Amino acid sequence: TYYSRTSGPWNAPNSWSTESHTGPAASNIPNAPTGEDAVIGNNHIITVESTQDITNLAQLTVDNSGTLTVSASGTLILDNFTITGGGSFELQSSGTLNIGALDGITPEGTNEGNIQTESRSYSSSANYIYAGSSSQVTGAGLPQQVNNLRINTNSSVTATSNLQVNSTLTLQSGTLRIPSGQELIANNKSIQNGNLEFERILDGMPGWRMVSSPIDATYGNFLSGVLTQGYDGATYDASVAPNDSLQPNVLYFEDTVDGTDNQKWRSPASASSSVPAGLGYNLYLFGDVNNDDRYNNPMPDTLRVTGQEHSGSVNLYTTQADSGWHLVGNPYVATIDWDDASSWTKTNTDQTIYVWEPDVKSYKIWNGTTGSLASGLIKPFQAFWVKANNNNPQLTVSEDAKTFGGTFVGKFASDGNPEVE
């Protein structure tokens, strides 16, 4: 016997004792009446080898050297209670953890979430389901890699660390939130009713930032978190006087226009227009301007965009592109590696890329061998300059270029130094 109720007489139904018994591992967790507690005692192992719904339990405690394991064929369904204690919880390869509580898994040493055992082990080949009715968090206690991940909630799930889904990310319902500084690699998705919400904090001094959208969205969605002007539907709508006199603060470089480079800058047609995948932008952040009540929002600003990630290979040049400069951007929700040659098509294109660093007013560069731009790692939301060196150029990136790492250029800490993510 491997369980102990925390209430009721010793010989009451559904009472389990672990005080003086040892033996082989059990493979079943009785689902006690609603509100009861259960205990896996010292030196005992419970291995879940089938679907075990223990949502009626108020709390499951794994004492000291006790162990709760979800095997390759097992599924453990949790809802509105915690697994706690000094013992260990183990989710093995191909096992499934179905979380339906208010919070998900949090790091060791914390008292939040519904798995709080002293020792926790999560296989990168295991499967995770978030199906609660309230907002949940993946928790930094999860591995960086998982096999399958399903979001089926009436609210949201927040990923508090980088997350790689090796098999399929299923967005059944609700929103998977990726906060600023975190990334997602999930090239195989099943989209039903769910969305991604991705954000980027832009800190430091007011000025120009080089940005791109990792999500298929409109300008209104992509730039909803910052003040915009100079086009229809902007914060200061250009179709409404006197806003029509304000200069645009969102600009892209139209490489097909004849004329000088300065004549190629364009603003969006309207806030309802779609943002092309892989197009880069210069975005001016105003901050708090003295004696001008139109601009009274202190830094930082936050880009927050909701929808679906761009998928497949993305051509960063337009079909009419010619030789010369092009302002392009990372189209994905993970870092892309400029030096991963097999994941890029670079025809008639220089190897050097450039990103403007506003606080030091100079460009960071990378030429494939050396430079100041994080070894050619281009973060999500990051735009960059590249030069085509002949007619009929092509610059295409595939999802295989995704990785984690790098540093977003233009996000500074309070001490004025670039933040490392």
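The values are calculated or read from the model by the stated rules, or taken from the named source; none is laboratory data. These numbers come from a predicted model, not from an experiment. In this analysis, Cβ positions are derived from the backbone assuming ideal geometry, glycine residues included, and neighbour counts consider all displayed protein chains. For the accessible areas, the whole protein counts, side chains as well, though only heavy atoms, and no ligand, DNA or RNA atoms are used. Shrake-Rupley method; radii C 1.70, N 1.55, O 1.52, S 1.80 Å.
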Next on the checklist: How long are the semi-axes of the equivalent ellipsoid of segment 145-209, defined as square roots of 5 times the Cα gyration tensor eigenvalues? Whole Å, largest first.
Outcome noted: 25, 14, 10
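Could you provide, to the nearest whole Å², the per residue accessible area of segment 200-315 with probe 1.4 Å?
On the way: 5240 Å² over 116 residues.
The answer is 45 Å² per residue.
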Checklist entry - What share of all Cα pairs of segment 179-293, in percent, falls into each consecutive 10 Å distance bin? => result 12, 38, 33, 14, 3, 0
Next on the checklist: Explain nothing, just the number: relative contact order of segment 265-337, from Cα pairs under 8 Å at least 6 residues apart, as a whole percent.
Outcome noted: 36
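With +1 assigned to the C-beta of every Lys and Arg and -1 to the C-beta of every Asp and Glu, and no other charges, what is the dipole magnitude of the chain about the Cα centre in debye, to the nearest 20? Could you put the intermediate results ahead of the total?
On the way: 18 positive and 41 negative charges, 87 e Å.
Roughly 420 debye, rounded to the nearest 20.
Find the all-direction average of the projected area of the Cα convex hull for segment 320-360, expressing the result in square nanometres with one decimal place.
Working: hull surface 17.7 nm².
Average projection, Cα convex hull of segment 320-360: 4.4 nm².
Just to be sure I understand: of the beta bridges DSSP finds with both ends in the chain, what percent are antiparallel, rounded to 5? Don't jump to the answer; show the numbers that get you there.
Values: 48 of 107 bridges.
Antiparallel bridges: around 45 percent, rounded to the nearest 5.
Roll a 1.4 angstrom probe over the protein heavy atoms and tell me the percent of accessible area of the chain that is carbon or sulfur. Walk me through the numbers before you get to the answer.
Details: 7360 of 17570 Å².
Here carbon and sulfur together make up 42 percent of the probe-accessible area.
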Checklist entry - Which whole-number percent is the relative contact order of the chain (Cα, under 8 Å, 6+ apart)? => result 10
Checklist entry - Who wins for biggest fluctuation among LYS189, LYS402, LYS264 in a Gaussian network model of the chain, springs between alpha carbons below 10 Å? => result LYS264
Checklist entry - What distance in nm separates the simple spin-label points at THR396 and THR306, each placed 7 Å from Cα in the Cβ direction? => result 3.4
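Under Stokes-Einstein, with the Kirkwood radius over Cα pairs standing in for Rh, what whole-number D in µm²/s applies to the chain at 37 °C and 0.692 mPa s?
On the way: Rh = 23.9 Å.
This corresponds to a translational diffusion coefficient of 137 µm²/s.
Would you kindly state how much longer the chain becomes between THR370 and ASP340 on full extension, computed as 0.36 nm times their sequence separation minus their alpha carbon distance, in nm to one decimal? Display every interim value, and only then the final one.
Working: separation 30, 0.36 × 30 = 10.80 nm, distance 1.49 nm.
Computed gain between THR370 and ASP340 is 9.3 nm.
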Item to check | Of ASN154, ASN42, ASN290, the one that fluctuates the most in a GNM where the chain has Cα springs shorter than 10 Å | outcome: ASN290
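Could you state, as a whole-number percent, how many of the C-alpha pairs of segment 283-421 are farther apart than 18 Å?
Details: 5766 of 9591 pairs.
More than 18 Å apart: 60 percent of the Cα pairs in segment 283-421.
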Checklist entry - What does the accessible area of MET205 come to, in Å² to the nearest 10, when a probe of 1.4 Å is used? => result 120
Next on the checklist: Which of ASP237, ASP337, ASP261 ends up with the largest GNM mean-square fluctuation for the chain, with Cα atoms connected below 10 Å?
Outcome noted: ASP261
